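One structure is given here, and the rest of the page talks about it.
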2 protein chains.
Amino acid sequence: MTTTDASRSATPLTADELARVDALWRAANYLTVGQIYLLDNPLLHEPLRPEHIKPRLLGHWGTSPGLSLLYAHMNRVIQARDLNAIYVTGPGHGGPAIVANTWLEGTYTERYPAITRDTEGMRKLFRQFSFPGGIPSHVAPEVPGSINEGGELGYSLMHAYGAVYDNPDLLALCVVGDGEAETGPLAASWLSNTLLNPARDGAVLPVLHLNGYKIANPTLLARIPEQDLMSLMRGYGYEPHLVRAEIGEDHATVHQRLATVLDLCLDHISVIQHHARTTPTVTRPRWPMIILRTPKGWTGPNTVDGIQVEGTFRAHQVPLSGVRTNPAHLAQLEAWLRSYRPEQLFDASGAPVERVGTAVPAGHRRMSDNPHANGGVLLRPLVLPDYRKFGVAAPAPGGTSAESTKVLGEWLREVMRANTDRFRLFGPDEVASNRLGAVFEVTDRAFVAEIVPGDDHLAPDGRVMEVLSEHLCQGWLEGYLLTGRHGLFTSYEAFIHIVDSMFNQHAKWLKSTLDIPWRRPIASLNYLLSSHVWRQDHNGFSHQDPGFIDHVVNKKAEVIRVYLPPDANTLLSTMDHCLASRHYVNVVVAGKQPQPVWLDMDEAMAHCRRGIGIWEWAGNDEGEPDVVMACAGDVPTLETMAAVDLLRQNLPSLRVRVVNVVDLMRLQDEKEHPHGMPDAQFDALFTTDKPVVFAYHGYPWLIHRLTYRRTNHDNIHVRGYKEEGTTTTPFDMVMLNDLDRFHLVMDVIDRVPGLAVREAALRQRMYDARQRARQYTREYGEDAPEIRDWVWPAR
Amino acid sequence: MTTTDASRSATPLTADELARVDALWRAANYLTVGQIYLLDNPLLHEPLRPEHIKPRLLGHWGTSPGLSLLYAHMNRVIQARDLNAIYVTGPGHGGPAIVANTWLEGTYTERYPAITRDTEGMRKLFRQFSFPGGIPSHVAPEVPGSINEGGELGYSLMHAYGAVYDNPDLLALCVVGDGEAETGPLAASWLSNTLLNPARDGAVLPVLHLNGYKIANPTLLARIPEQDLMSLMRGYGYEPHLVRAEIGEDHATVHQRLATVLDLCLDHISVIQHHARTTPTVTRPRWPMIILRTPKGWTGPNTVDGIQVEGTFRAHQVPLSGVRTNPAHLAQLEAWLRSYRPEQLFDASGAPVERVGTAVPAGHRRMSDNPHANGGVLLRPLVLPDYRKFGVAAPAPGGTSAESTKVLGEWLREVMRANTDRFRLFGPDEVASNRLGAVFEVTDRAFVAEIVPGDDHLAPDGRVMEVLSEHLCQGWLEGYLLTGRHGLFTSYEAFIHIVDSMFNQHAKWLKSTLDIPWRRPIASLNYLLSSHVWRQDHNGFSHQDPGFIDHVVNKKAEVIRVYLPPDANTLLSTMDHCLASRHYVNVVVAGKQPQPVWLDMDEAMAHCRRGIGIWEWAGNDEGEPDVVMACAGDVPTLETMAAVDLLRQNLPSLRVRVVNVVDLMRLQDEKEHPHGMPDAQFDALFTTDKPVVFAYHGYPWLIHRLTYRRTNHDNIHVRGYKEEGTTTTPFDMVMLNDLDRFHLVMDVIDRVPGLAVREAALRQRMYDARQRARQYTREYGEDAPEIRDWVWPAR
């Protein structure tokens, strides 16, 4: 078992270095405890009294001393090696520790000038923490240097990897809590090293921080045999280095041990990178990682009321809870605070003393001021080749057919070619399956493990990131975006729900950062959901769920956008818009199967610019419709058009208007969403009193949710996916959900006044046509030719 | 590296055993290919012609031969050892392989009598696969013996563990695909062995099936060094046994190797179990597992059109795609089918020959007929102690206060005590934090790793399953329920989104099985979401998301239920109902903080029975309200009651009606949900024309979605969470979202005709009160006493 390299000094720190690291650590611990407890008397210039204590004691002490220990040691090596490093805090609930460190670095005061580096600033620093009107308890976006909130655990390591891809000089120290390490997403993250190219990408130094406990339980990794844990890390391709600290152990010894291992790891990383960058063939190195075993709540109260706290789960949040009312607790808090010897750490004005001040690097070398952790400042726009050249010729509406995502792939290939330093494509092994394969003409799939003959476009310097984990795709992309780059995540529509919660956290991050002036906008997180609910011919029911849209629209309107381009040309225009946009989550749903191209490129651009519009060429209402046929999504648009064709053939005097929706948020009120439209405009499209038959891609009630305040809402009748499906043909799928052309015609007959009686025969014919279509598929296993071969007639 | 035990015979199979295993395997492979390709001519009694081929070729061949190989070998050892075993198919898209095996076992015909065990039955078996009106392509609920759909990958191993907990005699063979193994949930699953007690629980034998490729990519675990992979499995606590097969290798040799290893593993499991069951102290054994490395699409076409297919990603789905039009492909298909020598496997009638028929076990020993895989047949009701005894005395409404989940915990303790063989509690380290700690008076947390002094209620035979992974909690519980037991999953409300997609799949499973007569109803999946959006005092914005309800209600009304009990007594009544229910997903949201108890036990029972009702004691409308104050959720109920108090004090002549909703689905139309109410009843509660101010726990638009068809919908004004929040006090949180008592009063003034003008002064007072409340919290860090101390007045 490797713990240190025998040839190294066991005491790499000089007395001065040791003193500085230790002082910095003590200072951070002091400021952490202060934030959790103190309203006033920040430097204990007077004896602690109950009124100095916050009424609500909130915060997480347990993980904090370990976080600060690593922070202090990182500061030493950054200075010694001029490292370009960021610090990713997996245990993000240890917020006060990171805030403390950024205040010691000076960054906090630069970002928040009211929080000065003196006694008054320290008082405010303490008071604001987890205080109404103050700052959140976690390593939230408000904390300089953070790219990982850490409230919801599991994503630190994937964020760290995402950050260093294409950043060859960047080092991400990533602290993984042993609680977090139990989550699935984190467990999957270790193998991110199989897509990291040491020649082109930076490095992640993972630190598995074993403090042994979660909220009330021990952690699994702290309790499996140590040799198993080492074996596990080797299995993931790392060389683990163990550093252990015990309660009561001399801190100097621990500092020396950690310093030794940290130096060893950084030397190792240098060797790996040098070798990879001077050797033609890239192979997967065995990256170093650290297992840091420290007592939970280390240096805090050892026992409280006679019960062991330090080194147990009882140190998770606030170890001393009765401080305001229990004089013994108050005294113990004061002793705890004074144990860090604040008088040696802060001068009379409350500023850090020189020993502490010089223990941190300067300028952008400070981890809290590293521009990579505020990616917007580094963001360079994508070079976006003219997408219009990739449009499909559509001399007549619906006269040509195209696989939308395949057409998009041709343009994405050029985007990829033009942005080889700042754009990647992410997907759970579905880039080819979603027909974006053209990108492989200019790049490969990133792969830094064994490659054998017959493998398809795998290479260490590939820019397509594929792994069978939506979590990793999302997390890497988030890390990549948060550090100022661009990307696109393509996934099966149903399985994007796997990252619902990660989307939540990213959307919350975007929302929060809108209000943080020093955080600059980042590139949007773009989803292309293909292989959607209507075309799961192979897979059936388990692969059918269009509800990600519903999930997304629960988040703040300022940061979410949803697009349903009906054909290849509108998809091109939409995606160009999305890739150029900033600080949104864009959800684009588009199919990969051949389907009609309704609009030529100019029309598509105009339609996308409006986001919604009347397709005059398709209807015959001349401004006075009897019925509005609305549609959103490619398959619903196809069925609507076929229904309109049937209507115009069979009921030529019926005035039909066709409205197509690309930008779903246009349906909302302008007060609800920035893309929303005023009532007058909505009424002009949908009328105030005519029946609207709306064929929608997803769950029908979303349309009602978006339109329930509209004048004509009572007349809007929505068809969509109602959770019926199996492995079957495309037309059988729409029939199962009553979204098919025949049913849409029946809906019109049922809803336009007078038709139900007059057109009973037509309704019966439609009903019979459905039955025939169903019978045909049951008998022949495919859709009837007249359905498959239907095209919009040239009129 | 252990691959076999040297002391064992390298050829454990007798010639006869070998012949039977191989024949069974060939038969399954033949039937698999037949399902993918053939419409007719199932036994090749005539030369294959294009019209025998399906028009749409759907299915996944690649994983199938490996699945069938394991199935055949399991059948041998089940017979040899009289094993009680189930087969969990991680690569569930290998549906035709499992269907084939169940047909060979005879179970398929027993379940679906039309699919006889003869030529005509085989023809139907082939035709129905992935065919409109037929069966899905995956190991869907329709497949006998399945408890894991496998369309969405990642959950096989957690389902297997869930199945064997409390089933000491059960063995779950779990095939984990190497694609699936890349997912987070699967990666986290390996350590499920740290909560498995070999003395009390059954065994899982995981088989990591490395066929090397996903859809278009190699798999990571197939390409990392083999020693790393072995190390990884040892790190997870297993003893890995490697079995490898190469293209073209003699099948007999592979059979002997696999048989050797399988025997070794089963012997090892017996030793582990015997030891654990005869020794007082339980320690975590090193369980065996198998790494099975076989070529993808093994025994299928080696090359197609000169390109290598066997052993590559090209074998993933349908290796020969042009069979209907390309005579060379057709000939190759026929040769492929004939390579299994069907004439030796099926008799003239099409039934399996004796050698094949005797290669499978009989009755419930057949894995497809094991009752554990159709848990409903084994389901015994929970013994539910009388919850009324645990109710909180409430002599006057709101006069007492209780922590709802803590009260529930006392009853759950008795449920736990009375059902020590069939009930478990699952949670991501939040059972104590969600105040259900009373259960620890009768049980512990399951833990089969190192336990040290100071640990809190850990023991190998604990029945509380805690791990910091919502995925594992959900997956174990699903496996436990699907095998006929009961459970409750308690989680923070926000983070339950982590399992959105797993919920989807389980809800789809429940929906599908409603239509499968031989599948018996199972116990409901019960969620208790505590630490909800309104009380994230510690954690703030990242922990605030009430949208799981929105996600859930997208699924079929037949299988989903949502409850928002407003106090401790209604929570007891609700949970009793949920635990007794069958085949639903019940979502219960309830807080853990002290709050008023509004109803005494009898009232609570009556209220829960109705699901919604007028609180006559709270209002003063005497059947003719001026305004309806509706509420759903504990915090909204509190604010509504405080608002009603303000209204009744300040506007005594205003007739106020209070409607409280426990069962959210009551709001829907009876046509939309079985719990829905008819319009007349809705109108009687909410009036047809009076303003309704509705304070709702979650995102407000859900209430609109549920009620948009109601007569009075235009007058329903909903307040709820609108994605505003941070680490702050409870009252500041409701103010941030305009759900506070003062704002609700302002809403009433704004919406009741005439009040806006007449009561402008009152409105201003409410506005001022909000401002004061905000200022108070900003200054003192807690809510103002008059807010904290407010109680519903005795009237």
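Among the residues of the stretch B:285-306, which ones are open to solvent by less than 50 Å² (accessible area, probe 1.4 Å) and basic (Lys, Arg)? Across the stretch B:285-306, the qualifying residues are B:Arg293, B:Lys296. For the stretch A:505-516, residues that are at the interface with chain B (Cβ under 9 Å from one of its Cβ atoms) and either of a type in the set (Ser, Thr, Tyr) or within 8 Å of the chain's Cα centre (by Cα) (or both) total 3. If you go through the stretch B:783-795 and pick out every residue that is within 14 Å of chain A (Cβ to nearest Cβ) and either in contact with a Ser or Thr (Cβ under 6 Å, 6 or more places away or on another chain) or surrounded by fewer than 18 Cβ atoms within 10 Å (Cβ to Cβ) (or both), you end up with 3.
Any residue at all in the stretch A:446-454 that's away from chain B (no Cβ under 14 Å), surrounded by fewer than 17 Cβ atoms within 10 Å (Cβ to Cβ) and within 30 Å of B:Leu229 (Cβ to Cβ)? No; the residues of the stretch A:446-454 include none that is away from chain B (no Cβ under 14 Å), surrounded by fewer than 17 Cβ atoms within 10 Å (Cβ to Cβ) and within 30 Å of B:Leu229 (Cβ to Cβ). Of all residues in the stretch A:716-765, those that are in a helix (DSSP H, G or I) and of a type in the set (Val, Ile, Thr) total 5. Within the stretch A:159-200, being crowded, with 24+ Cβ neighbours inside 10 Å and of a type in the set (Asp, Glu) holds for A:Asp178, A:Glu180, A:Glu182.
Only a single criterion out of (1) within 13 Å of chain B (Cβ to nearest Cβ); (2) open to solvent by 10 Å² or more (accessible area, probe 1.4 Å); (3) acidic (Asp, Glu) is not satisfied by A:Asp461, namely (1). Residues B:Ser469, B:Ser401: which one is within 20 Å of B:Ser531 (Cα to Cα), surrounded by fewer than 21 Cβ atoms within 10 Å (Cβ to Cβ) and modelled with pLDDT of 95 or more? Just a single option satisfies the conditions, and that option is B:Ser401.
Please tell me if B:Ala632 is under 21 Å from B:Asn737 (Cα atoms), away from chain A (no Cβ under 14 Å), more than 29 Å from the chain's Cα centre (by Cα) and open to solvent by less than 10 Å² (accessible area, probe 1.4 Å). No. Within the set A:Arg520, A:Arg561, the sole residue that is open to solvent by 10 Å² or more (accessible area, probe 1.4 Å), within 26 Å of B:Gln544 (Cβ to Cβ) and away from chain B (no Cβ under 12 Å) turns out to be A:Arg520. Out of everything in the stretch A:34-56 that is part of a helix (DSSP H, G or I) and more than 20 Å from A:Arg355 (Cβ to Cβ), what residue ends up being most open to solvent (accessible area, probe 1.4 Å)? Applying the filter and picking the extreme gives A:Glu51. Of the strands (runs of 3 or more DSSP E) that lie entirely inside the stretch B:615-704, those containing 1 or more residues that are in contact with a strand residue (DSSP E or B) (Cβ under 6 Å, 6 or more places away or on another chain) and free of Cβ contacts under 8 Å to residues at least 60 places away in the same chain span B:656-661. Search the stretch A:465-523 for residues being assigned to a helix (DSSP H, G or I) and of a type in the set (Phe, Trp, Tyr), and hand back the single one that is nearest to A:Ser542 (Cα to Cα). The qualifying residue nearest to A:Ser542 (Cα to Cα) is A:Phe495.
For the stretch A:578-597, the count of residues that are within 17 Å of A:Leu408 (Cβ to Cβ), open to solvent by 20 Å² or more (accessible area, probe 1.4 Å), more than 14 Å from chain B (Cβ to nearest Cβ) and not in a strand (DSSP E or B) is nonzero.
Pairing residues of the stretch A:770-795 that are free of Cβ contacts under 8 Å to residues at least 12 places away in the same chain with residues that are open to solvent by 50 Å² or more (accessible area, probe 1.4 Å) and in a loop (DSSP other than H, G, I, E, B), at Cβ distances under 7 Å and at least 6 apart in sequence or on separate chains, gives A:Arg778/B:Gly133. Among what's in the stretch A:124-139 and is farther than 17 Å from A:Asn41 by Cα and at the interface with chain B (Cβ under 7 Å from one of its Cβ atoms), pick the residue that is most open to solvent (accessible area, probe 1.4 Å). Selected residue: A:Gly133. On the basis of being farther than 26 Å from B:Gly90 by Cα, in contact (Cβ under 8 Å) with a residue 12 or more places away in the chain and part of a loop (DSSP other than H, G, I, E, B), does A:Asp429 make the cut? Considered against the rule, which asks whether it is farther than 26 Å from B:Gly90 by Cα, in contact (Cβ under 8 Å) with a residue 12 or more places away in the chain and part of a loop (DSSP other than H, G, I, E, B), A:Asp429 comes out as no. Only a single criterion out of (1) within 14 Å of chain A (Cβ to nearest Cβ); (2) open to solvent by 10 Å² or more (accessible area, probe 1.4 Å); (3) aliphatic (A, V, I, L, M) is not satisfied by B:Val271, namely (1). B:Glu672 falls short of the stated requirement of being out of contact with any Pro (no Cβ under 8 Å at 6 or more places or on another chain), open to solvent by 10 Å² or more (accessible area, probe 1.4 Å) and on the phi > 0 side of the Ramachandran plot.
Would it be correct to say that B:Arg710 is touching a helix residue (DSSP H, G or I) at 6+ places or on another chain (Cβ under 9 Å), farther than 19 Å from B:Arg770 by Cα, open to solvent by less than 20 Å² (accessible area, probe 1.4 Å) and of a type in the set (Lys, Arg)? Yes, satisfied. A:Gly754 satisfies every condition listed in (1) surrounded by fewer than 20 Cβ atoms within 10 Å (Cβ to Cβ); (2) within 13 Å of another protein chain (Cβ to nearest Cβ); (3) of a type in the set (Gly, Ala, Ser); (4) farther than 20 Å from A:Gln595 by Cα except (2).
Within the stretch B:103-123, the set of residues being open to solvent by 30 Å² or more (accessible area, probe 1.4 Å), assigned to a loop (DSSP other than H, G, I, E, B) and either touching a Phe, Trp or Tyr at 6+ places or on another chain (Cβ under 6 Å) or touching a residue at least 60 places away in the same chain (Cβ under 8 Å) (or both) comprises B:Arg117, B:Asp118.
I'd like to know if the stretch A:42-54 contains one or more residues that are among the acidic types (Asp, Glu) and over 18 Å from A:Thr294 (Cβ atoms). Yes, that holds for at least one residue.
Among residues belonging to the stretch A:218-244 that are of a type in the set (Val, Ile, Thr) and farther than 20 Å from A:Leu258 by Cα, point out the one that is surrounded by the fewest Cβ atoms within 10 Å (Cβ to Cβ). Top of the filtered list is A:Ile224. For first residues located in the stretch B:433-461 and outside any loop (DSSP other than H, G, I, E, B), partners that are of a type in the set (Ser, Thr, Tyr) and lie 6+ apart or on another chain with Cβ distances below 9 Å form the pairs B:Ala446/B:Tyr165; B:Ala446/B:Thr194; B:Ala459/B:Thr443.
How many of the residues making up the stretch A:532-556 are assigned to a helix (DSSP H, G or I), touching a residue at least 60 places away in the same chain (Cβ under 8 Å) and within 7 Å of chain B (Cβ to nearest Cβ)? Of the residues in the stretch A:532-556, 3 are assigned to a helix (DSSP H, G or I), touching a residue at least 60 places away in the same chain (Cβ under 8 Å) and within 7 Å of chain B (Cβ to nearest Cβ). Only a single item in (1) on the phi > 0 side of the Ramachandran plot; (2) more than 9 Å from chain A (Cβ to nearest Cβ) is not met by B:Asp429, and it is number (2).
The values are calculated or read from the model by the stated rules, or taken from the named source; none is laboratory data. On a predicted model such as this, the values are computed, not experimentally measured, just so you know. Every residue, glycine as well, gets a Cβ built from its backbone with ideal geometry; the counts of neighbours run over all protein chains shown. Protein only, heavy atoms only, side chains kept; ligands, DNA and RNA dropped before computing areas. Shrake-Rupley method; radii C 1.70, N 1.55, O 1.52, S 1.80 Å.
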